[in-house]
1. Please give the contour-minus-distance gain from residue 190 to residue 79: 0.36 nm per residue of separation, less the Cα-Cα distance, rounded to one decimal in nm.
2. Return the Rg/Rh ratio of region 135-190 with Cα-based radii and a Kirkwood Rh.
3. Which FRET efficiency value, to the nearest 0.05, is calculated for residue 171 and residue 112 with the Förster distance at 22 angstrom and r the Cβ-Cβ distance?
4. Take peptides 265-274, 243-252 and line them up by average Cβ neighbours within 10 Å, highest first, as a rough protection proxy.
5. Shape of region 200-290 from its Cα gyration tensor (a ≥ b ≥ c, root eigenvalues): rounded if a/c is under 1.5, otherwise prolate when a/b > b/c, or oblate?
6. How large is log10 of I(q)/I(0) for the chain at q = 0.12 Å⁻¹ when the intensity is taken from the Debye formula with one equal scatterer per alpha-carbon?
7. Between residue 14 and residue 206, what length comes free when the chain is fully extended (0.36 nm per residue of separation minus the Cα-Cα distance, one decimal in nm)?
8. Using only the Cα atoms of region 120-234, what are the Rg and Dmax in Å?
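Nothing in this text is a laboratory measurement; each read-out follows from the coordinates by a stated rule. Quick caveat, the model's predicted, so the values are computed rather than measured. Don't worry about glycine lacking a Cβ; one is built from the backbone with ideal geometry, like all the others, and counts go over all protein chains shown.
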């Protein structure tokens, strides 16, 4: 039965914590701060969290230089983001969004730690793109307040947030997180807690099939990506997109889908496994299906 505490409204969320200051976490922190929330940004160390904030400020500065953002607005957004040393710094947060590496054991550990640090009425969301929300919720003392909040990459640009309900998630929690997402300027879709949810269940077979075509020599990376962009009207080709997401992340999601659904259409190509084994994880590593310069611009295949 719902209680008064279960009926929180978006106006009661003031401080948002983000765990993970990398590509996704930093983007989520930027989106939350832009929406007016005070943000606590954490990573494995204070140094990494501070570097994450520096990248956010650099991105905002570029927008100012292009005339897309006022300088005083940039400063206000940056001031709302505070880099913190560890999870204990989430103690005053009303909502924490976890955006760590796509590894179930790591996320389970972090969820237990965040749960212990949070005040009783706070909410806990995960940006996981494939891992069971129900399993993560069960690791906490507040399973009814746990939910999936799957931002697309890059979060400041992409308009979608896929909200995923655990078995334990209450209607009140779903309504609250939907309102928070909309305040952040996002369009919301909802999914049941099933492997890959909705977006990645559709996307991963597409990315893998493009990789299989490359592995079998059907076409070059440029042929494959140009075909998708001009033949399917996609803004990016599948191999370019995989490099942007991170090949290690694509492989991790593929393995979860293949294991949990037991369908061979989700199997990962050997080429993808080899690229990840080599450390060629895409744009963030400077090499994946393509080679990238220090600014992340594609320079060669």
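1. 36.8 nm
2. Reported Rg/Rh, Kirkwood definition of Rh: 1.00.
3. So the FRET efficiency works out to roughly 0.30.
4. 243-252, 265-274
5. oblate
6. Values, matching the q order: -0.80.
7. 65.2 nm
8. Just the Cα atoms of region 120-234 yield Rg and Dmax of 17.4, 56 Å.
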